[in-house]
Amino acid sequence: MNNYVGKPLDRVDGRLKVTGAAKYAAEFDAPKMSHAVLVLSTIAKGAITAMDTSEAEKQPGVIAVITPDNMPKVAAAQRPLFDKAIHYSGQSIAVVVAETLEEATRAADLVHVTYAEEKPAVEMEPVIDQAYQRGQPNKRGDFDAGLAGATHKVDHIYRTPIEHHNPMEPHATVAVWNGDMLTAYDSTQGVSGSAQSLARRFGIGADKVRVIDPFVGGGFGCKGQSWPHSSIAAMAAQVVNRPVKLALTRRQMFTSNGHRPPTRQAVILGAGDDGKLTAHQHYAINHTSRQDEFVEGTSRLATSMYSCANVNQGQKLLRLDVPGPTYARAPGESTGSFSIETAMDELAAELGVDPIELRLRNYAEKDEASNRPYSSKSLKECYRLGAEKFGWSKRNPKVGSMTEGRYLVGYGMASATYPANFWPTSAKAVMTADGKVQVQCGTQDLGTGTYTILGQIAADAVGVKPDMVRVEIGDSWLPNAPGSGGSNSATSAGSAVMLASQALKKQVVELYAATESSPLSGHADEDVEARDGKLTSKKDPTKSVEYAEVMKKLGKTSLEGEATARPGAERGGGPGEHYTMQGFGAQFCEVHVDPDLRMVRVARWVGAFGLGKVLNEKTLVSQLKGGVVWGIGMGLLEETIPDATHGRFVNCSLADYHVPVSADVCSIDIILVPEEDKFVSPIGAKGAGEIGITGAAAAIGNAIYHATGKRVRDLPITLNKIL
Ligand code: MOS
């Protein structure tokens, strides 16, 4: 066995990316390419009464102007592509196809639309009474009795705003029809899901659609489902009978592919003098659109994050005239951890107990929601190692007591958590005559390092050097894999690639052992060690042979191993012991607050995480840092502002929607807490894409409280809130 897994190897695609050689969806071309530009509604509610396309159609280069009046009927029973009824501002209502992007952009501006406008509702508070229950509220024990017995209480409303994902690569689809066969180069978190969605939309077999996306410039959830622009590109390509390229602008991205919905969270904690929780309530409301029901599972955490016998938990939705919200990095946990981890800090202050100590007193040894043990949980170690590295013991608990120069200094911490998802995934590993290995899996690399880790996993399992492995992903015709969401890909695709690679090695060994006068005659797979391209007998280490030599002897041009990794009964799917599988971590931050201007700088960060087996230390740490960076944005900067009068989002650009830039990001220290998990998945790793943002905004708010005595319960914590 090699041991490349875990090593901080550089990204195999790093060079392609910095030289511009990595091809993203919008960069694919085809003969006779045409360019499509969407026309979006400028009102949020009402109906189109007239569309005048005559001026647009006369513009140079214009090939087609497709509107609700002339669009072809497509098979889908889903939402219509274009609708004369307007459900939100920024809804796609027409598309212009032209020879060039510039010509299409110009003509799209000249589609004149007349509306019958109604007054939209885009803010939650004025209509909060219209929120409706979604699913059954959860009750455990007797919350009222638990609260009555509490000597200390925290009871507040917490709020998080609309946020947008803003991946570097905007959404884009290049649609190419060849007869009844559609090839789509589509920026997506799931090539299979995108292909299935297009097949449904056009009423064609899934085998008639191929979605290709070798590189994804970030997704964070907004590329986790198929959005209308992809089908619009494919429909337009049918209409003009040419390939169509449709790339969204940054501005269009604010209404065309979802957002994190705002939340309003009513949290109550009750505790005795010993700090032990006696009651925990979490009722959350998030907005959704008129057409979809998207639940941001904000309150879910209340049922299991801390030990408590008496819990009330529920979710409500509120329909508004807004685009449909969607998954955004750690949906549920990112927003829910803000309120719970802030409330715990408030309870600690109220009790005069150290925030870590309070969490330890309420440590959940098992998952109290399902009454199952955790397959592994290293949260105590995360607290301990994080606190040590951060220097938590130097924290003077007295608010406003710590300074550096003229700045007020605050130390804050919070717990982090995210489920360890693992979904069925298939993969293939092929050895060619030269002893090289090609790995195939229909997963995709969002920029997280999937190519790199899959190569490391195959290298170890087959027993070759990583540069002998070529990884092929990002194509819906490859062995089936789930979308890259819920932090599942490293675990799921990693397990499938490991099993397929093991199957390949076994096959090669067995075939070779059976050849005439084979030096490995009588050897089974487990009797043979494979390392750096060489097979060696464990019984007699003098006997060894190169893979390339074996292939030559076997006279094969290629051999194949195939496998499907499937979650087993331990996830609750059958008889036997069932576990909850979840990653945990602890976030620590130091803020500096200007005593006069109240500007906040995050000065230092330590995050400690227990995530099972480390597949690549460098890409893992990088993902966790990325999560913290968005956490800094969530805590201090990010907010999409709806305009109550016209129902538009008003800050639809990166100039107006503030994301953390390098100057906002401090040194981030990530500690990977050693953790072994025999149950979580064959590869033993838990995903890391989302956990890094969880708890981060609360840690910042808690540090700001420690520095200033101001408790802010609605994000982002902009300076006006702590003046
Ligand atoms: Mo994640 S928000 O499931 O891409």
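The values are calculated or read from the model by the stated rules, or taken from the named source; none is laboratory data. Because the structure is predicted, anything quoted here is derived from the model rather than measured. All Cβ positions, glycine included, derive from the backbone under ideal geometry; neighbour counts span all protein chains shown.
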For region 348-401, the count of residues that are under 24 Å from Ala302 (Cβ atoms) and of a type in the set (Phe, Trp, Tyr) equals 3
Boolean, Arg242 is more than 16 Å from the ligand (Cβ to nearest atom), closer than 21 Å to Gly647 by Cα and among the basic types (Lys, Arg): no
Which listed residue, of Ala36, Ala26, Ala64, is more than 30 Å from Ser501 (Cβ to Cβ), modelled with pLDDT of 95 or more and in a helix (DSSP H, G or I): Ala26
Has region 200-214 got any residue that is closer than 20 Å to Asp13 by Cα, away from the ligand (no atom under 16 Å from the Cβ) and in contact (Cβ under 8 Å) with a residue 40 or more places away in the chain? yes
Enumeration of residues in region 607-621 that are closer than 22 Å to Arg384 by Cα, part of a helix (DSSP H, G or I) and not charged (D, E, K, R): Leu620, Val621
Output for region 300-345, where each listed residue is out of contact with any Pro (no Cβ under 9 Å at 6 or more places or on another chain), in a loop (DSSP other than H, G, I, E, B) and more than 16 Å from the ligand (Cβ to nearest atom): Ser304, Met305, Ser307, Cys308, Ala309, Asn310, Pro323
With criteria (1) small (Gly, Ala, Ser); (2) buried (at least 24 other Cβ atoms within 10 Å of the Cβ); (3) assigned to a loop (DSSP other than H, G, I, E, B), Ala195 comes up short on (3)
I want to confirm something. Restricting to region 443-486 and keeping residues that are of a type in the set (Asp, Glu) and over 22 Å from the mean Cα position of the chain (by Cα), which single residue is farthest from the ligand (Cβ to nearest atom)? Asp467
Subset of region 388-431, residues under 23 Å from Gly607 (Cα atoms), among the aliphatic types (A, V, I, L, M) and assigned to a strand (DSSP E or B), comes to Leu408, Val409, Met413, Ala414, Ala416
Among (1) at negative phi; (2) within 16 Å of the ligand (Cβ to nearest atom); (3) surrounded by fewer than 24 Cβ atoms within 10 Å (Cβ to Cβ); (4) not acidic (Asp, Glu), Ser489 falls short only on (3)
Suppose the filter is in a loop (DSSP other than H, G, I, E, B), surrounded by 15 or more Cβ atoms within 10 Å (Cβ to Cβ) and touching a residue at least 12 places away in the same chain (Cβ under 8 Å); does Pro567 pass it? yes
When you scan region 262-273, do you find a residue that is buried (at least 24 other Cβ atoms within 10 Å of the Cβ), part of a helix (DSSP H, G or I) and within 16 Å of the ligand (Cβ to nearest atom), even just one? no
With respect to Gln440, is the statement that it is of a type in the set (S, T, N, Q), within 27 Å of the chain's Cα centre (by Cα), more than 16 Å from the ligand (Cβ to nearest atom) and within 22 Å of Thr557 (Cβ to Cβ) true? yes
Of all the residues that make up region 91-142, how many are among the hydroxyl-bearing types (Ser, Thr, Tyr), part of a strand (DSSP E or B) and closer than 22 Å to Met235 by Cα? 1
Over region 217-230, the set of residues within 21 Å of Glu27 (Cβ to Cβ) and away from the ligand (no atom under 11 Å from the Cβ) is Gly217, Ser226, Trp227, His229, Ser230
For Glu365, are the conditions met, namely being within 16 Å of the ligand (Cβ to nearest atom) and acidic (Asp, Glu)? no
The residue that is surrounded by the fewest Cβ atoms within 10 Å (Cβ to Cβ), considering only those in region 679-693 that are among the β-branched types (Val, Ile, Thr) and away from the ligand (no atom under 16 Å from the Cβ), is Ile683
Do any residues in region 123-152 that are within 24 Å of Ser307 (Cβ to Cβ) have Cβ atoms under 6 Å from those of residues that are part of a loop (DSSP other than H, G, I, E, B) and aliphatic (A, V, I, L, M), where the two are at least six apart or on different chains, and which pairs are they? Gly141/Ala309
